1. Which helices (runs of 4 or more DSSP H) sit wholly inside the stretch A:1-103 and have at least 1 residues that are touching a helix residue (DSSP H, G or I) at 6+ places or on another chain (Cβ under 6 Å) and either more than 14 Å from every other protein chain (Cβ to nearest Cβ) or modelled with pLDDT of 90 or more (or both)?
2. What residue, among those in the stretch A:93-111 that are surrounded by fewer than 16 Cβ atoms within 10 Å (Cβ to Cβ) and touching a residue at least 24 places away in the same chain (Cβ under 8 Å), is nearest to residue A:9 (Cα to Cα)?
3. For the subset of the stretch B:57-105 comprising residues that are within 16 Å of residue B:25 (Cα to Cα) and within 14 Å of chain A (Cβ to nearest Cβ), which member is surrounded by the fewest Cβ atoms within 10 Å (Cβ to Cβ)?
4. If the requirement is being over 30 Å from residue A:66 (Cα atoms), over 25 Å from the mean Cα position of the chain (by Cα) and either buried (at least 16 other Cβ atoms within 10 Å of the Cβ) or in contact (Cβ under 8 Å) with a residue 60 or more places away in the chain (or both), which of these qualifies: A:214, A:201?
5. Looking at residue B:4, is it more than 10 Å from every other protein chain (Cβ to nearest Cβ), under 13 Å from residue B:98 (Cα atoms) and crowded, with 17+ Cβ neighbours inside 10 Å?
6. Mind listing whichever residues of the stretch B:63-97 are part of a helix (DSSP H, G or I) and in contact (Cβ under 8 Å) with a residue 24 or more places away in the chain?
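The values are calculated or read from the model by the stated rules, or taken from the named source; none is laboratory data. Since this is a predicted model, take the numbers as computed values, not measurements. With ideal geometry, Cβ positions are generated from the backbone for all residues, glycine too; neighbour counts draw on all protein chains shown.
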């Protein structure tokens with residue numbers, strides 16, 4: 001497997017290279033002290049695996065992940081597992097390793113990256129997975145909170161955050177509507193405006209260009225209205 | 001009181017002196033710089049910068065086998081994120097211990 005290393009700490013890069021040298025199937029092509037240089041490299045070169053430090057000043061590991069168009073497999077390197085939680089939303093994240101790296105754990109992660117090929121080959125699509133899962137976890141103040149999907153009635157974009165409104169409680173999460181939309185079953189949820197996703201089962205009434213859900217009146221974009229009407233069970 | 005050691009580095013190097021020396025050289029050159037940066041940030045009172053400095057030193061603390069020291073640094077880093085300097089004194093004691101130690105390796 002051809003791999004690259006991205007870590008702002010020289011020490012971490014040397015350690016990773018040392019560990020990679022112990023695994024015959026790994027070939028370290030390059031190592032980078034920042035994500036920007038790595039992006040330039042990836043624009044011209046193909047790699048199979050990236051070892052990525054999450055906590056880097058400026059453009060951090062998560063920014064890097066979001067910038068990838070055709071991401072290869074990624075193993076995260078971090079000294080704080082909480083930083084890795086958000087990144088695990090992505091299928092191509094194989095594992096995360098805590099600093100200081102231990103060889104046995106490192107070997108396991110490499111093994112996992114080989115197994116991941118099999119999982120991808122089994123053709124499990126996002127949509128089929130979305131249909132099976134009935135809940136997901138959100139990270140708030142270093143805690144993972146389980147959210148029951150049908151209990152969500154509204155999700156609203158608020159700058160860099162989203163507000164998830166459920167039957168029992170509201171949650172503010174550092175994420176985007178696009179990311180959460182990928183996790184929601186299409187059968188239940190619809191994005192009706194650039195700032196709102198609604199649970200179709202929770203609609204009370206629809207009037208002109210707005211929808212009433214609980215006590216919230218939500219605008220419907222003109223472009224989203226046909227899709228909304230199509231999805232309703234009209235008499 | 002725990003003391004720094006080269007157990008992790010020795011284990012990683014697996015008898016390869018060049019790797020061991022390379023890692024020790026990095027610690028010896030980077031740590032004093034990182035310590036200097038930390039005190040500069042403390043003087044300026046810029047929390048995100050202090051947090052960044054602590055984060056960088058933290059990895060070296062763990063590499064030098066200071067398990068409790070790593071926890072102290074972790075807690076301090078977490079407090080800094082909440083704009084709180086609790087744990088500063090304990091963290092700075094670790095800096096002193098490492099400073100002394102790297103003179104001997």
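1. Those helices (runs of 4 or more DSSP H) span A:10-21, A:35-44, A:61-67.
2. Among those residues, the one meeting the criterion is A:103.
3. Only one residue fits best here, namely B:102.
4. Among A:214, A:201, only A:214 is over 30 Å from residue A:66 (Cα atoms), over 25 Å from the mean Cα position of the chain (by Cα) and either buried (at least 16 other Cβ atoms within 10 Å of the Cβ) or in contact (Cβ under 8 Å) with a residue 60 or more places away in the chain (or both).
5. yes
6. Start the filter on the stretch B:63-97 by keeping residues that are part of a helix (DSSP H, G or I), which leaves B:63, B:67-81, B:88-97.
Hits for the stretch B:63-97 are B:63, B:67, B:68, B:69, B:77, B:80, B:81, B:88, B:91, B:94, B:95, B:97.
Here is a yes/no grid of residues against (1) in a helix (DSSP H, G or I); (2) over 18 Å from residue B:101 (Cβ atoms); (3) within 11 Å of the chain's Cα centre (by Cα):
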{"position": "B:26", "(1), (2), (3)": "yes, no, no"}
{"position": "B:37", "(1), (2), (3)": "yes, yes, no"}
{"position": "B:41", "(1), (2), (3)": "yes, yes, no"}
{"position": "B:56", "(1), (2), (3)": "yes, no, yes"}
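This table checks each residue for (1) buried (at least 19 other Cβ atoms within 10 Å of the Cβ); (2) closer than 21 Å to residue B:70 by Cβ; (3) touching a strand residue (DSSP E or B) at 6+ places or on another chain (Cβ under 6 Å); (4) free of Cβ contacts under 8 Å to residues at least 40 places away in the same chain.
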{"position": "A:22", "(1), (2), (3), (4)": "no, no, no, no"}
{"position": "A:25", "(1), (2), (3), (4)": "no, no, no, no"}
{"position": "A:31", "(1), (2), (3), (4)": "yes, no, yes, yes"}
{"position": "A:38", "(1), (2), (3), (4)": "yes, no, yes, yes"}
{"position": "A:44", "(1), (2), (3), (4)": "no, no, no, yes"}
{"position": "A:57", "(1), (2), (3), (4)": "no, yes, no, no"}
{"position": "A:90", "(1), (2), (3), (4)": "no, no, no, yes"}
